[in-house]
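A.B. asks: Sharing a structure, written as C-alpha cells. Questions coming.
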Amino acid sequence: LPPVHMLFSASHPDGVGTAACVDVGSQLGNPSCSIPSHPPTREEDFQFILCERCRKESPNLKLLTCLHTFCLDCLSENKPVGQCPSCRTPILQANGIPDMDNLLFTNLQARLGIYKKLSESGGPSCSRCQGEVAAVWCSECEEFLCTKCFQDHQWFFKKRNHEAKKVEELRADSAHQFLEDTKKSCNLFCSNPIHANQGHISSIYCRTCRKALCCSCALLDTHHAFCDISSETQRRQEELGTISQELKQKRGGLEATYAGLQDEAARLERAQREMRELIQQRVEELGGLIRREEEELVGLVEAGQEQGRRELARELERVEGMLRRMEAGERLVEKMKLYATEQEVMDMQPFIKDSLEELQQMQPPVARDQTQPEDLTECRRRLQAL
Ligand SMILES: [Zn+2]
Ligand SMILES: [Zn+2]
Ligand SMILES: [Zn+2]
Ligand SMILES: [Zn+2]
Ligand SMILES: [Zn+2]
Ligand SMILES: [Zn+2]
C-alpha cells in the first residue's frame with residue numbers, strides 16, 4: 001500500500017481555513033493493535049464529568065447558578081424543588097430545571113467515550129462501513145474511518161478543513177493528551193443568526209457585538225472593534241482565573257469563619273454534655289440521699305410500730321385481766337349467795353368486799369386516741385420536706 005499524503009486545501013469558503021497536513025503513513029492498512037504505552041487513565045481523574053448526585057453519565061447535565069452540575073433525572077426528582085441539592089442555592093426556573101447545559105462536561109463525556117473506543121483491544125472499527133478497522137479519526141465528522149472511507153471523505157470534504165488524526169497515534173496518547181489534542185481541533189462556528197447551523201468557521205471576535213463571527217459577517221459588521229477569537233477566549237479564561245484567584249483569598253477568610261463556627265458548635269456541644277453530666281451526677285447524689293432518707297424513715301416507722309405493738313399488747317393484757325377478775329368476782333358472789341353458811345359469810349365477806357371495791361377503783365383504760373403517733377407525724381413531715 002503506497003503512503004497516503006493528504007494536503008488539505010486552504011480553500012475554506014470564508015478563506016480562513018488553515019492548511020493541515022495528515023500523513024496517514026505507510027502502515028495505514030495495518031493499524032497497530034498493541035497495548036498503548038501510556039499509563040492507564042485513572043477512573044477518578046474524570047469523575048468530575050458525572051452528575052454530582054447519582055454519579056452517572058448523562059447527555060443532559062444542567063449547570064446551576066451555583067455552578068453545581070446535576071443530570072436532568074436527578075433535578076426532576078429533586079426535593080425540595082427549586083434549590084440546589086448540594087448547596088441550597090435557589091433555582092430560579094419555576095419547574096426547578098435550570099436552562100444552562102453543562103456543555104463542557106457533556107462534550108467531555110462524548111470525547112472520553114471516543115477515547116474509550118480507541119483504547120479497546122483491536123481498536124475501533126469504521127463508523128461508516130462498520131466492518132473495517134478504523135485508520136483515522138475525523139474530529140469534525142466525529143467519525144472513525146477506514147482507509148477506503150477516509151479516501152471518500154477526503155474527496156467529499158476536499159473544500160473543507162477537516163482535520164483527521166491517525167488512530168494509531170491517538171491510541172498512544174494518554175486520556176489527557178487525547179483531550180488536549182481534540183480540544184485544539186474543535187472549531188468554533190459563526191454565531192450570526194443568518195449563519196446558524198451552517199458550519200461557518202469563526203476566527204474573529206467582535207468586541208462590540210460580543211460575538212464570534214465568520215469573515216464574511218465581520219466584513220459586513222463595519223466600524224466595530226475586532227480581535228482574534230483565540231485572544232478573546234484567552235482573555236475570558238484569564239478573566240475567570242483572576243476572579244477565581246480573588247475568590248481563593250476570600251475562601252481563606254470563609255474557611256476561618258467556618259472553622260470558628262465549628263469551634264463554636266463544638267464548644268456548645270461540650271457545654272451541653274458537661275451540663276448533662278452535671279445533672280446526672282446531681283440526680284445520682286440526690287438518689288443516694290433519698291435512699292438513705294428512705295432507710296431512716298422506714299427504720300423509724302418500724303421502730304414506732306414495734307413500740308406501739310408492745311404498748312397495745314400490755315393494755316390488752318391488763319383489760320383481759322380485769323375482765324377475768326370481774327368474771328371471777330361475779331361467780332364467787334353468786335356462789336356465796338346460793339351456798340354460803342353464816343360462818344362462811346362472816347369469815348370471807350370482808351375479803352371479797354375489799355377485792356370487789358379494788359376492782360371498782362380500777363380505771364378502765366381510756367379509749368385509744370385516734371391521733372397519729374408522734375413518730376408517724378415526724379415521718380410525714382420529713383416526707384413533705386423531701
Ligand atoms: Zn444524576
Ligand atoms: Zn449548588
Ligand atoms: Zn469504512
Ligand atoms: Zn470529516
Ligand atoms: Zn459587531
Ligand atoms: Zn457568519
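The values are calculated or read from the model by the stated rules, or taken from the named source; none is laboratory data. Please read these numbers as outputs of a predicted model, since none were measured by experiment. No Cβ is skipped: glycine too gets one built from the backbone with ideal geometry, and neighbour counts run over all protein chains shown. Accessible surface is based on the protein model in full, side chains and every heavy atom, while ligands, DNA and RNA are left aside. Shrake-Rupley method; radii C 1.70, N 1.55, O 1.52, S 1.80 Å.
A.B. asks: Post the alpha-carbon centroid distance, region 268-285 to region 287-352, in whole angstrom.
C.D. replies: Going from one Cα centre to the other spans 61 Å.
A.B. asks: Reachable lysines from K335, Cα under 25 Å, same-chain residues fewer than 8 places away excluded?
C.D. replies: Hits, sequence-local ones excluded: K353.
A.B. asks: Given the peptides 276-282, 74-80, arrange them by the average over their residues of other C-beta atoms within 10 Å, most packed first.
C.D. replies: 74-80, 276-282
A.B. asks: While we're looking at this one, here's another question. Mind checking which lysines have their C-alpha under 18 Å from K165, skipping anything on the same chain fewer than 8 residues away?
C.D. replies: The qualifying lysines are K116, K117, K148, K183, K184.
A.B. asks: Now for a separate question. At 0.890 mPa s and 25 °C, plugging the Kirkwood radius over alpha-carbon pairs of region 61-121 into Stokes-Einstein gives what diffusion coefficient in µm²/s?
C.D. replies: 195 µm²/s
A.B. asks: Using a 1.4 angstrom probe and counting only protein chains, how large is the accessible area of Y115 in Å², to 10?
C.D. replies: That residue has around 20 Å² of solvent-accessible surface.
A.B. asks: Percent of accessible area on region 233-363 owned by carbon and sulfur, 1.4 Å probe?
C.D. replies: Carbon and sulfur together cover 55 percent of it.
A.B. asks: Note down the accessible area of R270, probe 1.4 Å, to the nearest 10 Å².
C.D. replies: 110 Å²
A.B. asks: Short version: ³J(HN,Hα) in whole Hz for each residue of region 94-104, in order, from phi by Karplus 6.51 cos²θ - 1.76 cosθ + 1.60 (θ = phi - 60°), x for Gly and Pro, what are they?
C.D. replies: 4, 8, x, 10, x, 6, 6, 8, 8, 4, 4
A.B. asks: Could you put K165, K56 in order of accessible surface area, largest first, with the 1.4 Å probe and the full protein assembly present?
C.D. replies: Largest accessible area first, the list is K56, K165.
A.B. asks: For S86, S174, give the ranking by accessible area with the largest first, probe 1.4 Å.
C.D. replies: S86, S174
A.B. asks: So what is the accessible area of region 93-219 per residue, in Å², with the probe set to 1.4 Å?
C.D. replies: Normalised by residue count, the accessible surface of region 93-219 is 54 Å².
A.B. asks: How big, in percent, is the set of alpha carbon pairs in region 233-363 lying more than 19 Å apart?
C.D. replies: Cα-Cα pairs of region 233-363 separated by over 19 Å account for 79 percent.
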